[in-house]
Amino acid sequence: MDNSDSRRKPHVYGKLLMAVILTAFCILILKQSPKFSGSNVFSRHEPGVTHVLVTGGAGYIGSHAALRLLTDSYRVTIVDNLSRGNLGAIRVLQQLFPEPGRLQFIFADLGDARAANRIFAENAFDAVMHFAAVAYVGESTLEPLRYYHNITANTLVILEAMAAHGVKTLIYSSTCATYGEPEKMPITEETPQLPINPYGKAKKMAEDIILDFSKRSDMAVMILRYFNVIGSDPEGRLGEAPRPELREHGRISGACFDAALGIIPGLKVKGTDYATSDGTCIRDYIDVTDLVDAHVKALDKARPNKVGIYNVGTGKGRSVKEFVEACKKATEVNIKVDYLERRPGDYAEVYSDPSKINLELNWTAHYTDLQKSLSTAWRWQKSHPNGYRSPSAMSV
């Protein structure tokens with residue numbers, strides 16, 4: 001009995017030792033896992049690395065901004081509920097930047113204060129670019145409460161989360177719609193803000209909240225008021241892919257391309273009796289590549305206790321009829337055009353004076369050839385007729 005017991009003891013000890021080694025190994029692997037508390041690179045600040053939260057980063061402008069930030073070696077977290085954005089855009093970005101610690105995507109609704117607080121608690125953000133918003137003038141007149149909730153209330157949630165977790169830099173996506181229909185052109189940053197539709201009103205309310213909060217904090221705030229955004233990534237990696245059910249509310253460029261592709265029978269131009277040279281609305285069309293460049297320059301120039309407010313446009317107005325002719329040339333399709341009554345909440349003439357952003361951020365629009373911008377966007381649309389659901393999009 002004694003001899004057999006003595007033979008079993010080393011065997012038992014060996015098993016215990018092996019169990020201890022395996023347990024230690026498992027703990028080591030867990031600690032190296034990004035999901036292990038405290039070890040995720042997104043959850044800690046790192047010298048020389050700026051971690052930017054891009055809200056609405058699956059959308060048209062947000063995805064292009066994320067692409068530019070990643071190209072410039074920023075660390076990026078995208079938060080989007082995909083109500084307007086595209087998971088396909090996220091997949092493209094993930095394939096372009098697969099390295100650990102570069103990009104993460106979080107599916108969440110920023111209208112949920114608890115979810116937003118948890119995201120900020122689990123990540124070490126250095127700055128926020130807040131794009132997430134519904135953004136159609138016509139739709140806002142039909143669903144005003146949705147716009148006030150999505151734009152104004154959600155911005156308040158973001159600000160509360162930033163304040164609670166010590167994130168001090170905000171680049172805010174605003175709009176020229178906050179100016180309404182000014183008496184004088186071009187529009188400067190000093191032009192009175194008198195919005196005439198719920199979209200513009202909701203954005204102005206959000207701006208007011210940001211400005212009031214910034215007075216009692218040491219935040220670095222940059223508010224960028226966009227004019228009409230067109231174009232797409234010059235290398236064809238990303239484009240604009242609005243939901244099919246939102247086509248009637250979407251940008252004129254999307255409607256032009258849909259008509260050129262035969263998705264819709266023709267283009268509907270709303271309003272030909274405005275007090276303009278040809279009776280159609282005049283707008284300032286800014287290429288999305290220039291727009292995201294303005295965001296990066298704003299982030300670079302953001303300073304504590306400072307607020308910057310800038311118009312982002314070319315400084316040149318183009319009529320809707322001019323735009324349609326440029327689109328016909330870009331697509332090489334003789335698009336059928338129907339002229340209808342005005343759209344509710346629209347205004348006759350809006351174009352920017354970009355002098356302030358030129359001077360203070362050293363930013364100038366470079367992609368100012370309307371037909372070229374439309375041609376770039378058309379190439380993406382033609383190769384992605386079903387948006388990011390197209391086979392070519394999945395193979396990028």
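Within region 268-283, is there a residue that is under 17 Å from Val312 (Cα atoms) and either in contact with a Cys (Cβ under 9 Å, 6 or more places away or on another chain) or crowded, with 21+ Cβ neighbours inside 10 Å (or both)?
So far as region 268-283 goes, yes, one or more of its residues are under 17 Å from Val312 (Cα atoms) and either in contact with a Cys (Cβ under 9 Å, 6 or more places away or on another chain) or crowded, with 21+ Cβ neighbours inside 10 Å (or both).
Based on what the data block shows, is Tyr285 in contact (Cβ under 8 Å) with a residue 24 or more places away in the chain, in contact with a helix residue (DSSP H, G or I) (Cβ under 7 Å, 6 or more places away or on another chain), under 30 Å from Ser217 (Cβ atoms) and not β-branched (Val, Ile, Thr)? Walk me through how you get there before you give the answer.
On the way: in contact (Cβ under 8 Å) with a residue 24 or more places away in the chain: yes; in contact with a helix residue (DSSP H, G or I) (Cβ under 7 Å, 6 or more places away or on another chain): yes; under 30 Å from Ser217 (Cβ atoms): no; not β-branched (Val, Ile, Thr): yes.
Here the answer is no, as Tyr285 does not meet what is asked.
Can you give me the number of residues within region 249-267 that are buried (at least 21 other Cβ atoms within 10 Å of the Cβ) and more than 23 Å from the chain's Cα centre (by Cα)?
Summing the residues that are buried (at least 21 other Cβ atoms within 10 Å of the Cβ) and more than 23 Å from the chain's Cα centre (by Cα) in region 249-267 gives 3.
Residues that are touching a helix residue (DSSP H, G or I) at 6+ places or on another chain (Cβ under 7 Å), at least 3 per element: which helices (runs of 4 or more DSSP H) completely within region 116-167 meet that? Break it down stepwise before answering.
Numbers: elements: 137-142, 144-147, 154-165.
Per the criteria, 137-142, 154-165.
Is it the case that region 260-280 has a residue that's closer than 22 Å to Ser373 by Cβ, at pLDDT 90 or above and touching a Leu at 6+ places or on another chain (Cβ under 8 Å)?
No; the residues of region 260-280 include none that is closer than 22 Å to Ser373 by Cβ, at pLDDT 90 or above and touching a Leu at 6+ places or on another chain (Cβ under 8 Å).
Quick one: Asn358 ticks every box in (1) closer than 22 Å to Pro234 by Cα; (2) out of contact with any helix residue (DSSP H, G or I) (no Cβ under 7 Å at 6 or more places or on another chain); (3) not in a loop (DSSP other than H, G, I, E, B) bar one, so which box is it?
Only one criterion in (1) closer than 22 Å to Pro234 by Cα; (2) out of contact with any helix residue (DSSP H, G or I) (no Cβ under 7 Å at 6 or more places or on another chain); (3) not in a loop (DSSP other than H, G, I, E, B) is unmet by Asn358, namely (1).
Mind checking which pairs have a first residue in region 357-377 that is over 15 Å from Ala330 (Cα atoms) and a second that is in a loop (DSSP other than H, G, I, E, B) and acidic (Asp, Glu), Cβ under 9 Å, 6 or more apart or different chains?
Ile357/Glu189
I need a count of the residues in region 302-351 that are more than 19 Å from Lys270 (Cβ to Cβ) and assigned to a strand (DSSP E or B).
Number satisfying all stated conditions: 7.
Does Val337 satisfy the criteria of being surrounded by fewer than 20 Cβ atoms within 10 Å (Cβ to Cβ) and out of contact with any strand residue (DSSP E or B) (no Cβ under 6 Å at 6 or more places or on another chain)?
Taking the combined requirement at face value, the residue does not satisfy it.
The values are calculated or read from the model by the stated rules, or taken from the named source; none is laboratory data. As the structure is a computational prediction, the values presented were derived from the model and not from experiment. Neighbour counts run over all protein chains shown; Cβ positions are idealised from the backbone, glycine included.
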